[in-house]
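One structure is given here, and the rest of the page talks about it.
The values are calculated or read from the model by the stated rules, or taken from the named source; none is laboratory data. Small disclaimer: the values here were computed from a predicted structure and weren't measured. Cβ sites come from the backbone with ideal geometry, for glycine too, and all protein chains shown count toward neighbours.
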Amino acid sequence: MNLPIYKVLKNGKNIELDYIKPQEYEDVRTILNFVIDEGKTYPQNQPLSQPEFAAYWLCQDAFVIRLSGENGTQKPPTILGSFYIKPNFPGRCSHICNAGFIVQPGWRGQGIGRFMGESMLLVAAQLGYKAVMFNLVFETNIPSITLWQSLGFDIIGNIPDAVKLADKKVVKALIMYRALGL
């Protein structure tokens, strides 16, 4: 797999996708915990400790999106988003992967999610997965549903009353699937 992968965002900023580095774990955990606190897209109802984060996000393959071209500075690279890829099921079904995505709130709407989604499909295939399945896409998460459908995912089912959002509203979750035929 040839990483990093580079891209120019809508706003003209250069970004790169690469494997997460240990010094980036805490930045990614901070973003994830912010997203969890928003209560709109992840099932956890409280922030994750370092061990909980490691068990959830770092247990297989994890990646980051960072601003590119910051290596010549003294400050650490700015993390804009992250995703993981891991088997959705064990053993005989481990060829179907799952993935989770987060984007730094101030950088949403710049194409980072699409870049991560497109890259995840390539990386997952290179890692040997034959399909991707998302188990809990909250029906209220319209940006994600729209993105995944534009990338060829089908809604193959739903789970009624699966999610209690932070605002106490109860909604269904969608199950989305895409084969990885290269």
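May I ask you to verify whether Glu52 is charged (D, E, K, R), under 17 Å from Thr30 (Cα atoms) and in a helix (DSSP H, G or I)? Break it down into steps so the answer makes sense when it comes.
On the way: charged (D, E, K, R): yes; under 17 Å from Thr30 (Cα atoms): yes; in a helix (DSSP H, G or I): yes.
For Glu52, the condition - charged (D, E, K, R), under 17 Å from Thr30 (Cα atoms) and in a helix (DSSP H, G or I) - is met.
On the given criteria, is Gly111 modelled with pLDDT of 95 or more, closer than 26 Å to Ile15 by Cα and surrounded by 13 or more Cβ atoms within 10 Å (Cβ to Cβ)?
No; evaluated as a whole, the condition is false for this residue.
Scan the range 55-67 residue by residue and report those that are part of a helix (DSSP H, G or I) and buried (at least 16 other Cβ atoms within 10 Å of the Cβ).
Tyr56, Trp57
Scan the range 134-182 for residues that are aromatic (Phe, Trp, Tyr) and under 16 Å from Met116 (Cα atoms) and jot them down. Even if it seems obvious, please write down each step before you answer.
The initial filter retains those residues of the range 134-182 that are aromatic (Phe, Trp, Tyr), namely 134, 138, 148, 153, 177.
The answer is Phe134, Trp148, Phe153.
Let me confirm something: among Asn45, Asn2, which residue is out of contact with any Leu (no Cβ under 9 Å at 6 or more places or on another chain) and more than 30 Å from Lys169 (Cβ to Cβ)?
Residue meeting the stated conditions: Asn2.
Condition (residue is of a type in the set (Lys, Arg) and at pLDDT 95 or above) applied to the range 168-175: is it met by at least one residue?
Yes, the range 168-175 has at least one match.
Name the residues in the range 20-41 that are part of a loop (DSSP other than H, G, I, E, B) and at pLDDT 95 or above, would you?
Restricting attention to the range 20-41, the residues satisfying the condition of being part of a loop (DSSP other than H, G, I, E, B) are 20-21, 39-41.
If the condition is that a residue be part of a loop (DSSP other than H, G, I, E, B) and at pLDDT 95 or above, then Ile20, Lys21 are the ones that fit.
Could you check, for the range 75-95, whether at least one of its residues is free of Cβ contacts under 8 Å to residues at least 40 places away in the same chain, under 19 Å from Lys21 (Cα atoms) and outside any strand (DSSP E or B)?
yes
Part of a loop (DSSP other than H, G, I, E, B), over 18 Å from the mean Cα position of the chain (by Cα), over 21 Å from Ile5 (Cβ atoms) and among the hydrophobic types (A, V, I, L, M, F, W, C), is that true of Ala162?
no
Examine the range 109-125 for a residue that is outside any strand (DSSP E or B), acidic (Asp, Glu) and over 22 Å from Ile36 (Cα atoms), and state whether such a residue exists.
yes
Quick one: in the range 129-156, of everything that is among the small types (Gly, Ala, Ser) and more than 24 Å from Ile36 (Cα to Cα), which residue is surrounded by the most Cβ atoms within 10 Å (Cβ to Cβ)?
Going through the qualifying residues, I end up with Ala131.
Given the criteria hydrophobic (A, V, I, L, M, F, W, C), in contact with a Ser or Thr (Cβ under 9 Å, 6 or more places away or on another chain) and over 21 Å from Gly157 (Cα atoms), does Val137 qualify?
No.
What's the total number of residues in the range 30-54 that are surrounded by 18 or more Cβ atoms within 10 Å (Cβ to Cβ) and under 24 Å from Lys7 (Cβ atoms)?
4
Tell me which residues, restricted to the range 140-159, are within 22 Å of Ile96 (Cβ to Cβ) and either part of a helix (DSSP H, G or I) or of a type in the set (Asp, Glu) (or both).
Ser144, Ile145, Leu147, Trp148, Gln149, Ser150, Asp154
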